[in-house]
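Working notes, structure below.
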């Protein structure tokens, strides 16, 4: 059934590279973007094309091509298996690692779908912000970390919202071992020196940064 061992080996190497580039840990974005940022490699072209995503896709397509050339029979089955693994394996591996071997902030799962922040001006210069988050500590140890905020894409003319929370940041959180914790943050923000800010509104799927010592994760 096996036709060419060298092509199979090459296919597996390219497949592993593709999986590694798409590995969704330790940050919200794929691991390939973290590496690209460290090496000062552009993540996105000016026309909006995602360089890391395209590179990962090319590695995957090439690996599947070599995989099909490696076998005499059942090529379709192996190709289907490769596609299924590429779709689900990165998230499965990241989730498994968090629930078994991860420690500290790397064991913290963030329920981004349930996160929400609301903003209201209570005076001419003061804004009240209330945020609610859910975290799961997958480890057997208590974990403490600080929360900070960032906005995914913020241009000079954009209205500031989540970044305003950084004025009084960081916000400390303590989660016991194996605890599923609901965290509520309330803060008053002085916006007297902020020229372009929201007057009121809500934000869901909130981007946060959790930090502990020199360790940091963008979620």
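The values are calculated or read from the model by the stated rules, or taken from the named source; none is laboratory data. Keep in mind that what you see is a predicted model, and the values were worked out from it rather than measured. Here the Cβ positions follow ideal geometry from the backbone for every residue, glycine too, while neighbour counts run over all protein chains shown.
Of note:
- Residue that is modelled with the highest pLDDT, among those in the range 189-218 that are touching a strand residue (DSSP E or B) at 6+ places or on another chain (Cβ under 8 Å) and loosely packed, with under 12 Cβ neighbours inside 10 Å: 204
- Qualifying residues in the range 65-77 (those that are in contact with a helix residue (DSSP H, G or I) (Cβ under 9 Å, 6 or more places away or on another chain) and more than 15 Å from residue 14 (Cα to Cα)) - the one surrounded by the fewest Cβ atoms within 10 Å (Cβ to Cβ): 76
- Considering 84, 143, the condition of being out of contact with any strand residue (DSSP E or B) (no Cβ under 6 Å at 6 or more places or on another chain) and modelled with pLDDT of 85 or more is satisfied by 84 alone.
- Which numbered condition residue 62 misses (of (1) assigned to a helix (DSSP H, G or I); (2) in contact with a helix residue (DSSP H, G or I) (Cβ under 9 Å, 6 or more places away or on another chain); (3) at pLDDT below 85): (3)
- Screening residue 127 on (1) surrounded by 14 or more Cβ atoms within 10 Å (Cβ to Cβ); (2) closer than 26 Å to residue 185 by Cα; (3) at pLDDT 90 or above shows it passes everything except condition (3).
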